[in-house]
Amino acid sequence: MSAPTPALPAAVLHVQAGQPLLVETFAEWREAARDLLVWGVPPEAITWSSPQAGGDLFSSAAAAAEAPAAFTASVPAKNPPHVPRSLMEMLQSAACCRVADRWAFLYRVMWRWQQGEHDVQSPADEDGARLNAMVKAVRREEHDMHAYIRFRERPVDAGPPRFVAWYEPRHDVLPQVAEHFVSRMGKVSWMIATPEASVLWDGHTLHNTGPLVGRAEDLDQSDKDGGEALWLTYYRSIFNPARLNTAVMQQHITSDRWKNLPEGKIVPHMISEAAMGARKIGQAQAVGQRKGTTIPIAPADAQPERQQPTKLDECRRCELWQFATQAVPGEGPQHAPIMFVGEQPGDQEDLAGHPFVGPAGKLLDQVCEAAGVDRDTIYVTNAVKHFKWEPRGKRRLHKTPAQREVEACHYWLDKELAQVKPTVIVALGATALKSVLRSANVTLKNSLGKPMKVDGRWVVTTYHPSYVLRVPGEDAKHEAFSTMVAGLKLAHELLERPIDAPAPE
Ligand code: URA
């Protein structure tokens, strides 16, 4: 007797009947996509439809509307799909991106993954590039909304909400941004309104209140002469005409943002005042160039002042963030006795958001095992926190970070050192060594296996695990591996050696 055929899920029935699949949320899409994959329904057989309107900033040629291919199913073709967490997180993020074909595109990515095309997650693949760009656009929008939303206080006697904000997000990020403010603003009540939806936090619960009729700015009775006037006074006081770069300013905060910022009303005036000031300063400089004494300035002092971000993901201290999927922070016990410092995240680390999880990480695991040291007791980080790469065919090839990028990232390494306070740092390879010693003139060859004292800690230098993977010849590989094991054993011994004792020979 043959086993009974399982009933067709609703999504598959829809497709068989040639009807569009209406999907509104990521959860709905995920459920439908799962059933469709199990029943082997190919992307071209499905017409997805969604109540959200979308632009086509990220549209691809393949997204052009086509009549769906006919599909009939009688038995499920596949086991339930297994999708790695990193891909599912990317899909969930990309689902917030306002593009007309978002559900069809996400399904195509899932489908290709299921067919074994794991490149589909990589920025070197056409779909992967689009997926990464969508994720990035959504993250950027989340960041912008955190940064540029302005709450206006309402009079106490007007009742809740106490604060209201109006914002026009470019992507569907309101739910996650609302969660952010729930965790930041405590029990005070607030409302965020957008053209598509609004949320109200009553101090205990978040309510979806649907789109508002008219703008929150028109609805609110905020104390414009009080709170907002105070804010504008503060803004004027921190505005520094000498640091003004209008192009960058307009790039960071585009005009659609300015119109909803209270300071948007005073900025044009301040810019024109600054321009007048700059002309005067420019004339003074021309006069100053005629003659006089040369004052030498150290290159470091001539560098533009770098920002001091609080969150790694918001770091713009160098250019690398633009090309990476995300920043990769260090990981491990917050007071680990040993800290590994690598160079920069690789392709897999960039996608996963964790250090040393790719091939170099696997080798590092083997080194730890051979040295009898538990990797979970070590804090593992990199000198540079964003992946630097260049395209090579479908692959993203690692590119060594420039010294200025290493220097820009000292900021984060310093924070990690201050937090973890390791007794021993193990520098994995030349970039890590230069970063840890704050010198571009040190060489791996001269430092290998020789413990040093830096800022009251031991520093041990060894090879980078990628070198072991790369070096040609089995003997050379063995030797490099043994050098790494010896380096780690030495680091472990140094844990017991007072820093004022002489370095072991
Ligand atoms: N190489 C590194 O230097 N760091 C990583 O995290 C991965 C590869």
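Read-outs throughout are calculated quantities, based only on the coordinates presented, and are distinct from any laboratory measurement. What you see is a predicted model; the values in this text were computed from it and never measured. All Cβ positions, glycine included, derive from the backbone under ideal geometry; neighbour counts span all protein chains shown.
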Can you list, bin by bin at 10 Å, the percent of alpha carbon pairs in segment 149-218, starting at 0? 21, 60, 19, 1
Applying 1/(1 + (r/R0)^6) with R0 = 25 Å to the Cβ-Cβ distance of His478 and Arg395, what FRET efficiency is obtained, to the nearest 0.05? 0.35
Residue by residue through segment 94-105, what is 3J(HN,Hα) from phi via Karplus (6.51 cos²θ - 1.76 cosθ + 1.60, θ = phi - 60°)? Round to whole Hz and write x for glycine and proline. 5, 5, 7, 7, 7, 10, 4, 9, 4, 5, 5, 5
Fewest first, what order do Thr381, Thr205 take by the number of other Cβ atoms within 10 Å? Thr205, Thr381
Using a 10 Å cut-off on Cβ atoms, rank the peptides 100-106, 12-18, 37-43 from the highest mean neighbour count down. 100-106, 37-43, 12-18
Glu89 versus His410: modelled label distance in nm, points set 7 Å from Cα along the beta carbon direction: 3.1
Whole-Hz ³J(HN,Hα) from phi, Karplus 6.51 cos²θ - 1.76 cosθ + 1.60, for segment 485-497, glycine and proline x: 4, 4, x, 5, 5, 4, 4, 5, 5, 5, 4, 8, 9
If each of Ala503 and Thr443 carries a label point 7 Å out from its Cα toward its Cβ, how far apart are those two points in nm? 1.6
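What full-extension length gain, to one decimal in nm, is calculated for Met185 and Thr205 as 0.36 nm per residue of separation minus the Cα-Cα distance?
Once the chain is fully extended between Met185 and Thr205, it gains 5.9 nm.
Using the Cα atoms of segment 398-505 to build a convex hull, what is its mean projected area in square nanometres?
Average projection, Cα convex hull of segment 398-505: 7.4 nm².
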Which of Lys385/Lys489; Lys362/Lys385; Lys187/Lys415; Lys415/Lys477; Lys311/Lys453; Lys421/Lys477 have a Cα-Cα distance over 25 Å? Lys385/Lys489; Lys187/Lys415; Lys415/Lys477; Lys311/Lys453; Lys421/Lys477
Among 337-345, 368-376, 461-469, what's the highest-first ranking by average C-beta atoms within 10 angstrom per residue? 337-345, 461-469, 368-376
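Take the alpha carbon atoms of segment 312-494, find their radius of gyration, then divide it by 2.2 N^0.38 Å using N residues; give the quotient.
Expressed relative to 2.2 N^0.38 Å, the Cα Rg reads 0.96.
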Grab every C-alpha pair in segment 358-447, bin the distances at 5 angstrom width from 0 up to the longest one, and report whole percents. 2, 11, 19, 21, 22, 15, 6, 2, 0
Between segment 172-212 and segment 85-109, what is the separation of their alpha carbon centroids in Å? 24
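Sort 444-452, 84-92 by packing, meaning the average of other beta carbons within 10 Å per residue, with the highest value first. Could you put the intermediate results ahead of the total?
Details: 444-452: 14.2, 84-92: 16.1.
Highest-to-lowest ranking by the protection proxy: 84-92, 444-452.
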Across bins of 10 angstrom width beginning at 0, how are the C-alpha pair distances of segment 114-174 distributed, in whole percent? 20, 28, 23, 14, 10, 5, 0
Extreme residue, positive dipole direction of segment 302-405, given options Thr310, Leu320, Phe356 (C-beta unit charges): Leu320
